[in-house]
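J.: Sharing a structure with you now.
The values are calculated or read from the model by the stated rules, or taken from the named source; none is laboratory data. Everything numeric in this text was worked out from a predicted model, so none of it was measured. All Cβ positions, glycine included, derive from the backbone under ideal geometry; neighbour counts span all protein chains shown. Heavy atoms of the whole protein, side chains included, go into the accessibility calculation; ligands, DNA and RNA do not. Shrake-Rupley method; radii C 1.70, N 1.55, O 1.52, S 1.80 Å.
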Amino acid sequence: MAKFPNELEETIWQLKRQLLDIIDTATAAELSLFELLGETSDTIQFLDELKSVAERATPWFSRLSNFQLRIAEAQPAITADMLNLVNQSIERIQMEIPAMTRSIQEVKTEWNLP
C-alpha cells in the first residue's frame, strides 16, 4: 500500500472534517430557517444558498475520500501525477472553505439563527 506523507494525510483528514462540518452546519441552518419561517418569498433565496453550500462541499469530501482509497490501493508508491492532483484539489478546497463558511454565517446572522 502506498502511503501519503504524514503532513499531507493530516491535511486531508482536517479538510474532510471541515467539509463535513460545513455540510452539517448548512443543513442544520436550512432546517432551522425552514422550521422557523417556512418557504416564503423572503426565505427561499436563503434556503437555496444553504442547500447550495452543502452541495458544493459534498463532492469535495467525496473526492478526498476517493483519493485516500486510490492511494491505499496504489503500489508501490504514489505517482507524481496523483500527488499533483491531490495537492491541486487541496489548494482549491482550502480556498473554498472560507467562502462556504461565510455564506452559512451570513444567512445565520441575517435570520438570527443559532
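J.: Out of the range 22-33, which residues are within 24 Å of residue 94 (Cα to Cα) and in contact (Cβ under 8 Å) with a residue 12 or more places away in the chain?
T.: At the first step, the residues of the range 22-33 found to be within 24 Å of residue 94 (Cα to Cα) are 22-30.
If the condition is that a residue be within 24 Å of residue 94 (Cα to Cα) and in contact (Cβ under 8 Å) with a residue 12 or more places away in the chain, then 22, 23, 25, 26, 27, 29, 30 are the ones that fit.
J.: I would also like to ask the following. If you go through the range 39-55, how many residues are closer than 18 Å to residue 98 by Cβ and either open to solvent by less than 50 Å² (accessible area, probe 1.4 Å) or in contact with an Asp or Glu (Cβ under 7 Å, 6 or more places away or on another chain) (or both)?
T.: The total comes to 4.
J.: Condition check: assigned to a loop (DSSP other than H, G, I, E, B) and either surrounded by 18 or more Cβ atoms within 10 Å (Cβ to Cβ) or out of contact with any Ser or Thr (no Cβ under 7 Å at 6 or more places or on another chain) (or both). Does residue 4 satisfy that?
T.: So residue 4 passes the test.
J.: Can you tell me which of 19, 69, 36 is in contact (Cβ under 8 Å) with a residue 60 or more places away in the chain, surrounded by fewer than 13 Cβ atoms within 10 Å (Cβ to Cβ) and in a helix (DSSP H, G or I)?
T.: On the way: 19 fails: surrounded by fewer than 13 Cβ atoms within 10 Å (Cβ to Cβ); 69 fails: in contact (Cβ under 8 Å) with a residue 60 or more places away in the chain.
Testing whether each residue is in contact (Cβ under 8 Å) with a residue 60 or more places away in the chain, surrounded by fewer than 13 Cβ atoms within 10 Å (Cβ to Cβ) and in a helix (DSSP H, G or I) leaves just 36.
J.: Within the bounds of the range 83-97, is there any residue that is more than 21 Å from the chain's Cα centre (by Cα) and closer than 13 Å to residue 8 by Cβ?
T.: Looking only at the range 83-97, we keep the residues that are more than 21 Å from the chain's Cα centre (by Cα), and these are none.
Taking every residue of the range 83-97 in turn, none turns out to be more than 21 Å from the chain's Cα centre (by Cα) and closer than 13 Å to residue 8 by Cβ.
J.: Still on this structure, I have one more. List, please: which pairs have Cβ atoms under 6 Å, are six or more places apart or on different chains, and start with a residue in the range 80-106 that is closer than 14 Å to residue 68 by Cα and end with one that is open to solvent by 40 Å² or more (accessible area, probe 1.4 Å) and at pLDDT 95 or above?
T.: What qualifies is 89/63.
J.: Can residue 108 be described as out of contact with any Cys (no Cβ under 7 Å at 6 or more places or on another chain), in a helix (DSSP H, G or I), of a type in the set (D, E, K, R) and open to solvent by less than 40 Å² (accessible area, probe 1.4 Å)? Even if it seems obvious, please write down each step before you answer.
T.: Working: out of contact with any Cys (no Cβ under 7 Å at 6 or more places or on another chain): yes; in a helix (DSSP H, G or I): yes; of a type in the set (D, E, K, R): yes; open to solvent by less than 40 Å² (accessible area, probe 1.4 Å): yes.
Criteria met by residue 108.
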